[in-house]
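Enquirer: Quick one: this structure, given as structure tokens, is what I'll be asking you about.
The values are calculated or read from the model by the stated rules, or taken from the named source; none is laboratory data. For clarity, every value in this text was computed on a predicted model and none was experimentally measured. Backbone-built Cβ (ideal geometry, glycine too); neighbour counts: all protein chains shown.
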Amino acid sequence: MTHPYADACDEIRLDRYLDGDLDAGEMAQMEAHIAGCLQCRRQLAALTAFSHNLRDRVHDAANSVDFVALEKQVLNKALRQYRSRGGLSRFIASLKYTIPATVTAGLMLFFAYSNYVLKPPPLPSAIINSFTGSMSSVMIFETPETRQTILWYTEETDVESEPNAV
Amino acid sequence: MHDQELILRLQRGDEWAFQLMVRRFRKKIFSIAFGMTLDAEESQDIMQEVFLQVYRTIGDFRGDASLATWLHRITVNRSLNWKRRWARRFKWLHVSTDSTDGQPAVEPESDLPSPEIRVANAQTRRQIDNALKMLPDQARTVFVLREIEGLSYEEIADAIGIKLGTVRSRLFHARRRLKEILQPLMEKEE
């Protein structure tokens, strides 16, 4: 059986070979090609070495990091976020009750104020501009709101008692 | 604890579950961020940002993808955002002149005993860094997830939100570009 890749360089297949993305048959064919192809062997070696060195580079960098200290920093920051967010959410939650209560209280106050405090004074039952007739006494009552109620009346002379009074 | 239970506990605001998640994924997140940025300090910041974002938004997590996939996605986005910042981009594009004179400088922070090994190590690091920096963002993202985290094509597709064919295509282009970059080095070694 001849291998279709035995004498043809195929970069895409070489890529998939690197990633282990070939099935068993393709893998065998690719290995046969690589065994006889210096250029593919070089490329494969260069890419494999590069990946290996890259992983070492990252590994070294990670080893120089104090992850325990970083973990503490992250936890502290997260906790601060949680507290500030918790405080805010509690405030927002409290508004659910505070706002309706405030509105209700406000309406009640407005109602009470407009009905009791701002209640218009009672109008006089009658306004008398002039008077004719006999009037012997006038009484003036002053109300707390300085409104005046004036009463007048005529006292009939007691004819029988008059002489007695004199 | 399985991811499903971990997610439920996180959504309930369980502090211990959050700590467990950080411990479980911290190195993976750092590694991806480092592969993308090649900057250890920035990668630590990105790692913290990723976990805090997860903590803030875990309530919105619907479970369409796995927790790991979601974390990979956030990490990749954060790392790419970092690279997009103008000031940082300047830093990223800066290539040390030490690498052009053929006499690489010895890096004093290395704890390897032999100066020759330290020089070789530093040179290898520079070669890796320079080669990775020359890859376009999209190709490098796929390459880093594949080579550093060992994710499958499907996992990469889920993490970045692209099709399987696009993953293969980007990985292919990343490797082709790397081969071009590494070609002079291969010839030098012969």
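Enquirer: Provide a single number: the residues in the range B:1-39 that are surrounded by fewer than 16 Cβ atoms within 10 Å (Cβ to Cβ), under 28 Å from B:Asp129 (Cα atoms) and among the small types (Gly, Ala, Ser).
Expert: 0
Enquirer: Is it true that some residue in the range B:99-111 is within 30 Å of B:Leu185 (Cβ to Cβ), part of a helix (DSSP H, G or I) and modelled with pLDDT of 90 or more?
Expert: So far as the range B:99-111 goes, no, none of its residues is within 30 Å of B:Leu185 (Cβ to Cβ), part of a helix (DSSP H, G or I) and modelled with pLDDT of 90 or more.
Enquirer: Any idea how many residues of the range B:7-29 are in a helix (DSSP H, G or I) and without any contact (Cβ under 8 Å) to a residue 40 or more places away in the chain?
Expert: Summing the residues that are in a helix (DSSP H, G or I) and without any contact (Cβ under 8 Å) to a residue 40 or more places away in the chain in the range B:7-29 gives 13.
Enquirer: Shifting gears a bit: Of everything in the range B:150-176 that's among the aliphatic types (A, V, I, L, M) and either touching a His at 6+ places or on another chain (Cβ under 6 Å) or assigned to a helix (DSSP H, G or I) (or both), which residue is nearest to the other protein chains (Cβ to nearest Cβ)?
Expert: So the residue we want is B:Leu171.
Enquirer: Further, regarding this structure: Kindly indicate whether B:Arg62 is within 20 Å of B:Leu8 (Cα to Cα) and out of contact with any Gly (no Cβ under 7 Å at 6 or more places or on another chain).
Expert: For B:Arg62, the condition - within 20 Å of B:Leu8 (Cα to Cα) and out of contact with any Gly (no Cβ under 7 Å at 6 or more places or on another chain) - is met.
Enquirer: Turning to a different aspect of this structure: Write out, first by first residue and then by second, each pair whose Cβ atoms fall under 7 Å of each other, whose residues are 6+ apart or on separate chains, and whose first residue, in the range A:11-38, is crowded, with 20+ Cβ neighbours inside 10 Å while the second is among the polar types (S, T, N, Q).
Expert: A:Leu14/A:Gln43
Enquirer: Another question about this same structure. Right, A:Ser84: part of a helix (DSSP H, G or I), modelled with pLDDT under 90, among the polar types (S, T, N, Q) and at negative phi or not?
Expert: When the stated conditions are applied, A:Ser84 passes them.
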